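Shown next, in structure tokens, is the structure this report addresses.
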Amino acid sequence: MVSSRTTDSEFTEGPTPRHSLLSGRFKQSFAYLSLRTRMPGIMQQIILRLLQEGPELEAKFGAEVQKEIQHVIDAIERLKLELNRDRQFLLFHGNEPDKAAWNAFITEMPRHKRTFFRACWLHSECYLYRRIHSFFESTKHLEDFDYFAHLKQDDLKISERAMHALAAATRNLSKDFESFSKLMRINLWSNHYEIQLSAYVFQEDEHHSDLEVLTRVADLDRNLLVDDSTLVWNCLMKAKDRREIVVDLVCDNGGFEFFTDMLLMEYLVDHGLATQVRLHVKAIPWYISDVNSADIEWTIKYLIGHPDELLAALGHKWARLMNAGKIVVAPKSHFWTGPQPYFVMADSDLDLYKVLSGGSLAIFKGDLNYRKLMGDYIWDSTEEFITCLRGFRPCNICAMRTVKCEVVCGLPEGKSDDLLRSDPQWMISGNYGVIQYTDSLKCPCYQVGGLSGLSHLPSHHNFRPDDKESDQSQPKRRHSRKT
């Protein structure tokens, strides 16, 4: 399937306007930069990784694996050309378990929106990562090869100082909001924490194992624009008398970030704020650093075998919590690696929606989860979080995210404009973050099996994009009334 490429006249010289979907056709957007330069670079790194791993893979599988390696490399090179020439999305014809859902989604997209730079950025990115893994799925020996695993593992290995300090600081914490909120902030700002810790100048009266000090390290040069951690704490405290309190963590990155995820989840279980934590991870290698079940297993084993006695003890404790069912990995779901926003979950994956509905709180970590919560749509920055969820209310919801693209909501009036004047790159710098919360009882606007009071929003079924998917088809800003 070949399409005409997007012409220069179809590109817009400017940033993504408000009330539109993120798209690579806006040349001053991060979406355009990512599709034009970042994604080809990622694909090239996968090729280099395969070449580097070639001898080891051959020793494991025999000489025939070299043909498979070359097959995958050739396929990635073709995909790079398709992206560069803005070709139409191709259907999946291999062994992909989610092939039918993806093909239905692609087929029902408007034809003019079915190319990399004309489609919504979320659709293009997810499609690229899904196509890459499909090349490995078509082989005999490389089907389970995680071409990003070394990056996640290296990220943890280089963070030993930070891991030791945080492990020491988080033993025997009291059950109070102060401890909880500090853990949330450390978890939010966990990217590059090791670098910040190395750069931090400790005063004579500051100890490396003091959680207060380590939180200041996390907050170094960072700005929390919205902090609803008090509401999250209140949500957990209200549930404390229930026999079962299930918290779902929709994970983001592996490596050191997942280490801090586990510190926070361990705290919830230790203090009875959760009787069980369910970890929702990716089914396939995803967005370079996203955690999967194999990464979790590797992390626990790495800690257990660590020469640092404190980290080894922590690894043993986490293994016990997982063996006891206190912290579990949720069943594999390809919804998390699909292209659809979360407000269609009840129609696209009702079973998953019901799983979340059975919990007390769902925490969505990271930028990609935030984009899917928002539908990759440029809302007014002052629009309320509850409105932007478009009725996605399976349970109480918390979003923890460092801002890395133009999608953001819930800011005070004028805050976005002030930031743009003082720091033009604030939306992609990763130095700003939000902790946002809404409870499931604020409005009964969404019922499984139908929409109520949201008739102006596009309907989605079985991965379907809106048949009239365009900037104008998205909802304009409206004010929701809290009840």
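The values are calculated or read from the model by the stated rules, or taken from the named source; none is laboratory data. Fair warning: this is a prediction, and the values are worked out from it, not measured in the lab. Note: ideal-geometry Cβ built from the backbone for every residue, glycine included; neighbour counts use all protein chains shown. In case anyone asks, the SASA skips ligands and DNA or RNA and just uses the protein heavy atoms, side chains included. Shrake-Rupley method; radii C 1.70, N 1.55, O 1.52, S 1.80 Å.
For this structure, a couple of remarks:
- Boolean, E108 is surrounded by fewer than 19 Cβ atoms within 10 Å (Cβ to Cβ) and closer than 26 Å to F148 by Cα: no
- Cβ pairs under 6 Å, 6+ apart, first in region 137-163 and within 19 Å of A294 (Cα to Cα), second aliphatic (A, V, I, L, M) and open to solvent by less than 10 Å² (accessible area, probe 1.4 Å): H141/V65; Y147/I46
- When A274, A218 are checked against the criterion of being farther than 30 Å from D417 by Cβ and in the same structural domain as H192 (by the TED database), a single residue qualifies: A274.
- Residues satisfying the criterion are present in region 366-380 (criterion: open to solvent by 10 Å² or more (accessible area, probe 1.4 Å), assigned by the TED database to the domain that holds V247 and over 20 Å from the mean Cα position of the chain (by Cα)).
- Within this structure, R87 passes the test of being open to solvent by 10 Å² or more (accessible area, probe 1.4 Å) and under 23 Å from F30 (Cβ atoms).
- Any chance R171 is part of a loop (DSSP other than H, G, I, E, B), open to solvent by 10 Å² or more (accessible area, probe 1.4 Å) and out of contact with any Asp or Glu (no Cβ under 6 Å at 6 or more places or on another chain): yes
- Within the option set T107, T12, T115, T37, being β-branched (V, I, T) and under 26 Å from S289 (Cβ atoms) holds for one residue only, T37.
- Here R216 fulfils each of the conditions (1) among the basic types (K, R); (2) under 30 Å from K332 (Cα atoms); (3) out of contact with any helix residue (DSSP H, G or I) (no Cβ under 9 Å at 6 or more places or on another chain) apart from (2).
- Among the conditions (1) farther than 29 Å from S174 by Cα; (2) under 12 Å from the mean Cα position of the chain (by Cα), L249 misses just one, which is (1).
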